[in-house]
Amino acid sequence: MKVFILGSGLTALALAKALVNQNIFVDLVSSNKNHKINHSRTIGISKSNFNYFNKNIINIEKISWKLNKIEIYTDKNKNEKILNFENRNNQLFSIIKNHKLYEVLNKHLFKNKYFKKIKPKKKLIKLDKYNLIINTEYNNAFTKKYFSKKIEKTYNSSAYTTVINHKKISNQIAVQIFTKIGPLAFLPLSKNKTSIVYSIYNSKDVDRKKIIHLINQHNIKYKIKTIGKIENFELKSFNLRSYYHKNILAFGDLLHRIHPLAGQGFNMTVRDIELFINIIKNKIDLGLPLDSSVNYEFEKNFRHKNFIFSNSIDLVQEFFNFERKLNNNFLSKSVKIIGKNRFLNKLFTKVADKGINF
Ligand SMILES: Cc1cc2nc3c(=O)[nH]c(=O)nc-3n(C[C@H](O)[C@H](O)[C@H](O)COP(=O)(O)OP(=O)(O)OC[C@H]3O[C@@H](n4cnc5c(N)ncnc54)[C@H](O)[C@@H]3O)c2cc1C
């Protein structure tokens, strides 16, 4: 059995590793030669996905930092939490630097006998020798031909990311502040490093100086020593209308891209990988071929769930955006009341951990 993967992002590498772990041959090609890896980007992985990753993809224990609490504030009242998610004795989320995850995945893939990286356009690749073709790229011929129809939304916002170095503290609580200009997250990476993701509306005139000023304005717990390189990404969300064409399947952010405010984009992909691998395992166990029926089952089981999940993240974004426009804190007051309800708080925590698959 042989799978062909197009792409070199985290999705392509994590999926390739999950497949070779099942003794499936993977050939990977990336049409993007100049893919720069951002050193300021981090990924928060939920506890369930972290466990799945460790067991079925690769052990990421050593490159992760565990969080046991997430506090949500608005800038109307800095001392008053509107929501609080906690797992006192255990981890809620783990934070990992993107580039470390690339490194670990690449290192282990390249020494795996089931894996081969092919140079693009060296010779014409014969696609009919592959059972399945997985596409994770935005601009290749497959995407243009089969994966261009989507439900899309632009946020008129950009996410600014950096890492701050600060004095050592016990750093296991993530903080998200819904500020007047957008959500700002402090995501601990170690005792003396914290990653920042600031999604800013209408961010045309924002430069490094302004971001540093804003971080300092909202920071209440860190004694900052230095602030790293600041990178920015335009934000949009979309869901593909169709997940596959015959034996070609779209995957990762190409399938569904969401606003980063809840740190769920890659988490959705890890859940997709789990489902995809389960479908493949079942086929192999039953002696069935790996063909377009895998893609059919994947779409049938997951498209509606992914759509609902993406929309719920969008709803959270719209909710706080609406309050920002209203310029009052009526909505966050109601969130505070809802968040105090133990059942609802548990439910939110579960959805952030497992998506809507529990
Ligand atoms: C600011 C921010 C914070 C986030 N935080 C979280 C989080 O905490 N938790 C979480 O689960 N998700 C988070 N996400 C989402 C997560 O980063 C994505 O879901 C994930 O990185 C998508 O990986 P991918 O391989 O599918 O797509 P991509 O990384 O976009 O890659 C797709 C393809 O595009 C190519 N490519 C990518 N970047 C470039 C480039 N710069 N130049 C040229 N080609 C390129 C790659 O080669 C690849 O083949 C965040 C996203 C953003 C923007």
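Read-outs: derived from the displayed coordinates by stated rules, not from any lab. Keep in mind that what you see is a predicted model, and the values were worked out from it rather than measured. Ideal geometry is used to build each Cβ from the backbone, glycine not excepted, and the neighbour counts take in all protein chains shown.
A few remarks follow.
- Options Ser94, Val163, Ala250, ranked by Cα towards positive dipole end of region 93-252, top entry (Cβ charges): Ala250
- Mean residue ellipticity (222 nm) of the chain, computed from DSSP H runs ≥ 4 via -39,500 (n - 2.57), nearest 500: -11500 deg cm²/dmol
- Spin-label model, Ile63/Lys167: points 7 Å from Cα along the beta carbon direction are separated by 3.2 nm.
- The residue among Leu105, Ala141, Ile118 whose Cα reaches farthest toward the positive pole of the charge dipole of region 92-149, with charges on the beta-carbon of Lys, Arg, Asp and Glu, is Ile118.
- This model, with +1 at the C-beta of Lys and Arg and -1 at the C-beta of Asp and Glu, gives the chain a dipole about its Cα centre of some 920 debye.
- Ordering Tyr52, Ile72, Thr42 by the projection of their Cα atoms onto the charge dipole of region 37-80, which places +1 on the Cβ of Lys and Arg and -1 on the Cβ of Asp and Glu, puts Tyr52 at the extreme positive end.
- Separation in nanometres of the label points that stand 7 Å from Cα toward Cβ, at Asn38 and Glu80: 3.4
- Taken over region 41-92, lysine pairs spaced eight or more positions apart, or on distinct chains, with alpha carbons under 27 Å apart number 11.
- Straight-line cross-link partners of Lys191 among the aspartates and glutamates, defined as a Cα under 20 Å from its Cα and at least 8 positions apart when in the same chain: Glu61, Glu71, Glu86.
- In this simple spin-label approximation, Lys210 and Ser148 carry label points 7 Å from Cα along the Cα→Cβ vector, and these lie 3.4 nm apart.
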